[in-house]
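What follows is a single structure, written as structure tokens, with notes after it.
Just so you know, all these numbers are worked out from the coordinates, no wet-lab data involved. Quick caveat: nothing in here was measured; it's all calculated off a predicted structure. In this analysis, Cβ positions are derived from the backbone assuming ideal geometry, glycine residues included, and neighbour counts consider all displayed protein chains.
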Amino acid sequence: MRRQIVHNAHVVADLERRGAVFVEDESEVPEGSLVVFSAHGVAPAVRASARRRGLEVVDATCPLVTKVHREARRFSAGERTILLIGHAGHDEVIGTTGHAPGHTILIETVGDAETVVVRDPARVAYLSQTTLSVDETAEIVAVLRRRFPGIEGPPSEDICYATQNRQQAVKEIAARCDLVLVIGSINSSNSNRLVEVARACGAAARLVEDETAIDAASLEGVRTVGVTAGASAPEYLVDRVVEALRSLGGANEADVEEVRVAEEHLTFGLPVTARAPAAV
């Protein structure tokens, strides 16, 4: 697997136990072997490198990231400067930039949006990483629209539905909690955004990998705890954290309330190369 398939240590460790080998670059994969591209997507140059090495590719790129790649290619074909809202060094940003090299400028903050210089202010577009804070991204887009009135955006939101739903849920529970625990790995962008959203709503919040990060001392003075999880955190981690909190606080089933702000029913099919052959 080329890089972490998703940014969650438990998912990666589970796949390693099953025999998966994670590498940083496709050049580390033996020629003629099978390689899985991560959910964050890759640049066309990576695909070309894999073809040269005769690698069999399973493309696990999230379809919502693929959508952003298509938009990047469309905007660059129209000779627009693409202002990509995201975080430097993130795998998704690297991949998207690779679809429009020479046309993309990274915007990380409102300050960047206020000062960015483009070749032709009349030919500008913006895109965003799919795992950003909805509110912070909206602030940046507002600045870009003010500075470049003719700027073109994507036909639909780039920030993925799972990220948006979780941020909305955190807003609902943070005001009622002394502490919000976000289950996720330190390199998970959407998990870190949940911590920020909870803090912006006035709650104390911290990121936890799993239930081992919780003890009685960390809950001293806390009466109500909110629990949420990053989009790539397995459901069993949520169950384990809730059970750990219940045992530490002496709570019973009635003391646990589920706050539901959206129903998610969207599913994506497996990559074509990972599907079982059709029955004859």
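A few notes on this one:
- Relative contact order for the chain: 15 percent, from Cα pairs under 8 Å spaced at least 6 residues apart, divided by residue count.
- Other residues lying with their Cβ under 13 Å from the Cβ of VAL58 contribute a combined charge of 0, Lys and Arg counting +1, Asp and Glu -1.
- The dipole here belongs to the range 9-59: it is taken about the Cα centre, uses +1 on the Cβ of Lys and Arg and -1 on the Cβ of Asp and Glu, and is about 160 debye.
- Look at the alpha carbon pairs under 8 Å that are at least 6 residues apart: their mean separation over the length of the range 182-226 gives a relative contact order of 37 percent.
- Normalised by 2.2 N^0.38 Å, where N counts its residues, the alpha-carbon radius of gyration of the chain equals 1.11.
- Panel order for GLU71, GLU92, by other beta carbons found within 10 Å of each beta carbon, from fewest to most: GLU71, GLU92.
- Ranked list, fewest to most other Cβ atoms within 10 Å of each Cβ, for VAL117, VAL225, VAL170: VAL117, VAL225, VAL170
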